[in-house]
Amino acid sequence: MKVKDKLAYIEKKILGACERSGRSRRDIQIIAVTKYVSIPRAEEAFEAGILHLGENRDEELLNKYSVLKDKPVWHYIGSLQTRKVKSIIDIADYIHSLDRTSLAAEIQKRSSKPIRCLVQVNVSGEESKHGLKPEEVMPFIKELQIHDRIIVAGLMTMAPLTDDDVFIRSCFRKLKDLQAEIISEKLAHAPCLELSMGMSNDFEIAIEEGATMIRIGTALVGEDS
């Protein structure tokens, strides 16, 4: 199926979630997760009107950037090894996986300009997931004040793979509550206006709970045509 057709279906779902939660469609940004698809499929997504693309490996980001250049807004959404920062720092517009001081220091060292980062939070407490515990987030963000090239644009989380919608919703709600706590501190380096949460199977719940960025892969760009 063409990306534009999948996008039309997803847009209906987004509008429904916005209507249910009293939100504006303008507040939601789709990030097409192109990590498992070809360069032509990523190009098709961009041509369909999806301006934000997400990658989780430096090699794939570099490959797609070599063709699409800086036309899309590039999001690095995977766990980022410190040694990989230098290869993506001049390409990524957003890094969604800031979760430790050593990574922050490397971003500060390698970046020539302020870069928008999202702090990754392991809200569900699953051992298999990366990210800070909720109680670690505020102290971590305050530590980041020493880095003038890091802007804490928001928070990111991944909900558990489960059919328990109540539990998924509670995870997203906890991240929204944590965002509100950070915003209340009025930290100059941490406006924290973005919530990156929700993927192909749970983006509607994420929108209802306050997501501003939804990361959609399979449901949007899966199955190269």
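In region 66-102, what residues are part of a helix (DSSP H, G or I) and either without any contact (Cβ under 8 Å) to a residue 24 or more places away in the chain or more than 23 Å from E223 (Cβ to Cβ) (or both)?
The first filter runs over region 66-102 and keeps only residues part of a helix (DSSP H, G or I), leaving 66-68, 82-88, 101-102.
Of everything in region 66-102, those that are part of a helix (DSSP H, G or I) and either without any contact (Cβ under 8 Å) to a residue 24 or more places away in the chain or more than 23 Å from E223 (Cβ to Cβ) (or both) turn out to be S66, T82, R83, K84, V85, K86, S87, I88, T101, S102.
Which residues, taken from region 28-45, are surrounded by 13 or more Cβ atoms within 10 Å (Cβ to Cβ) and over 16 Å from M199 (Cβ atoms)? Before you say what the answer is, go through the steps one by one.
Pass one, region 28-45, residues surrounded by 13 or more Cβ atoms within 10 Å (Cβ to Cβ): 28-39, 41-45.
Scanning region 28-45 gives S38, I39, R41, A42, E43, E44.
Name every residue in region 5-26 that is charged (D, E, K, R), in contact with a helix residue (DSSP H, G or I) (Cβ under 8 Å, 6 or more places away or on another chain) and exposed (fewer than 12 other Cβ atoms within 10 Å of the Cβ), in order of residue number.
Hit for region 5-26 is R20, nothing else.
Kindly indicate which of A8, A17, A48 is of a type outside the set (V, I, T) and either in contact with a Phe, Trp or Tyr (Cβ under 6 Å, 6 or more places away or on another chain) or closer than 18 Å to L195 by Cα (or both).
On the way: A8 fails: either in contact with a Phe, Trp or Tyr (Cβ under 6 Å, 6 or more places away or on another chain) or closer than 18 Å to L195 by Cα (or both); A48 fails: either in contact with a Phe, Trp or Tyr (Cβ under 6 Å, 6 or more places away or on another chain) or closer than 18 Å to L195 by Cα (or both).
Just one listed residue meets the conditions, A17.
Out of the residues in region 208-225 meeting the condition of being out of contact with any strand residue (DSSP E or B) (no Cβ under 7 Å at 6 or more places or on another chain) and under 17 Å from R25 (Cβ atoms), tell me which one is surrounded by the most Cβ atoms within 10 Å (Cβ to Cβ).
Filtering region 208-225 down to residues out of contact with any strand residue (DSSP E or B) (no Cβ under 7 Å at 6 or more places or on another chain) leaves 208-209, 218-219, 222-225.
This time we only want the ones that are under 17 Å from R25 (Cβ atoms), so: 208-209.
Details: E208: 19, E209: 23.
It comes out as E209.
Any idea which of A92, A188, A180, A105 is small (G, A, S), crowded, with 21+ Cβ neighbours inside 10 Å and over 20 Å from N201 (Cβ atoms)?
Numbers: A188 fails: crowded, with 21+ Cβ neighbours inside 10 Å; A180 fails: crowded, with 21+ Cβ neighbours inside 10 Å; A105 fails: crowded, with 21+ Cβ neighbours inside 10 Å.
Going through A92, A188, A180, A105 in turn, the sole match is A92.
Any residue in region 1-19 that is without any contact (Cβ under 8 Å) to a residue 60 or more places away in the chain and in a helix (DSSP H, G or I) sitting within a Cβ distance under 9 Å of a residue that is small (G, A, S) and exposed (fewer than 12 other Cβ atoms within 10 Å of the Cβ)? List the pairs, counting only those 6 or more apart or interchain.
Pairs that qualify, where the first residue is without any contact (Cβ under 8 Å) to a residue 60 or more places away in the chain and in a helix (DSSP H, G or I) and the partner is small (G, A, S) and exposed (fewer than 12 other Cβ atoms within 10 Å of the Cβ), are K4/G49.
Looking at region 28-51 only, could you name the residues that are touching a residue at least 60 places away in the same chain (Cβ under 8 Å) and part of a helix (DSSP H, G or I)? I'd like the intermediate steps shown before the answer.
First pass over region 28-51, keeping only residues touching a residue at least 60 places away in the same chain (Cβ under 8 Å): 28-38, 40-42, 44-45, 50.
Result: P40, R41, A42, E44, A45.
Answer yes or no as to whether H147 is farther than 22 Å from E19 by Cβ, in contact with an Asp or Glu (Cβ under 9 Å, 6 or more places away or on another chain) and touching a residue at least 24 places away in the same chain (Cβ under 8 Å). Walk me through how you get there before you give the answer.
Values: farther than 22 Å from E19 by Cβ: yes; in contact with an Asp or Glu (Cβ under 9 Å, 6 or more places away or on another chain): no; touching a residue at least 24 places away in the same chain (Cβ under 8 Å): yes.
So H147 fails the test.
Scan E223, E181 and give me the residue that is over 23 Å from E127 (Cβ atoms) and modelled with pLDDT under 95.
Details: E181 fails: modelled with pLDDT under 95.
Just one listed residue meets the conditions, E223.
Is it true that some residue in region 14-36 is acidic (D, E), out of contact with any Gly (no Cβ under 8 Å at 6 or more places or on another chain) and over 19 Å from A206 (Cβ atoms)? Steps first, answer last, please.
Applying the first criterion (acidic (D, E)) to region 14-36 yields 19, 27.
Cutting the leftovers down to out of contact with any Gly (no Cβ under 8 Å at 6 or more places or on another chain) gives us 19, 27.
Filter once more, keeping what is over 19 Å from A206 (Cβ atoms): none.
No, every residue in region 14-36 fails to be acidic (D, E), out of contact with any Gly (no Cβ under 8 Å at 6 or more places or on another chain) and over 19 Å from A206 (Cβ atoms).
What do you reckon, is G154 touching a residue at least 40 places away in the same chain (Cβ under 8 Å) and either crowded, with 17+ Cβ neighbours inside 10 Å or closer than 28 Å to I216 by Cα (or both)? If you could, list the steps in order and put the result at the bottom.
Numbers: touching a residue at least 40 places away in the same chain (Cβ under 8 Å): yes; either crowded, with 17+ Cβ neighbours inside 10 Å or closer than 28 Å to I216 by Cα (or both): yes.
So G154 fits the description; yes.
Could you list, in sequence order, the residues of region 108-126 that are aliphatic (A, V, I, L, M) and more than 17 Å from P191 (Cβ to Cβ)?
As a first pass, look at region 108-126 and keep what is aliphatic (A, V, I, L, M): 115, 118-119, 121, 123.
Listed by number, the list holds a single entry, V123.
Tell me whether region 168-184 contains one or more residues that are in contact with a Ser or Thr (Cβ under 7 Å, 6 or more places away or on another chain), in contact (Cβ under 8 Å) with a residue 24 or more places away in the chain and under 18 Å from L103 (Cα atoms).
Step one: filter region 168-184 for residues in contact with a Ser or Thr (Cβ under 7 Å, 6 or more places away or on another chain), giving 168, 171, 175.
Now drop any that are not in contact (Cβ under 8 Å) with a residue 24 or more places away in the chain, which leaves 168, 171, 175.
Of the ones still in play, those that are also under 18 Å from L103 (Cα atoms) are none.
Scanning region 168-184 turns up no residue that is in contact with a Ser or Thr (Cβ under 7 Å, 6 or more places away or on another chain), in contact (Cβ under 8 Å) with a residue 24 or more places away in the chain and under 18 Å from L103 (Cα atoms).
The values are calculated or read from the model by the stated rules, or taken from the named source; none is laboratory data. Note that the structure is a prediction, hence the values are computed from the model and not measured. So basically every Cβ, Gly included, is an ideal-geometry build from the backbone, and we count neighbours across all protein chains shown.
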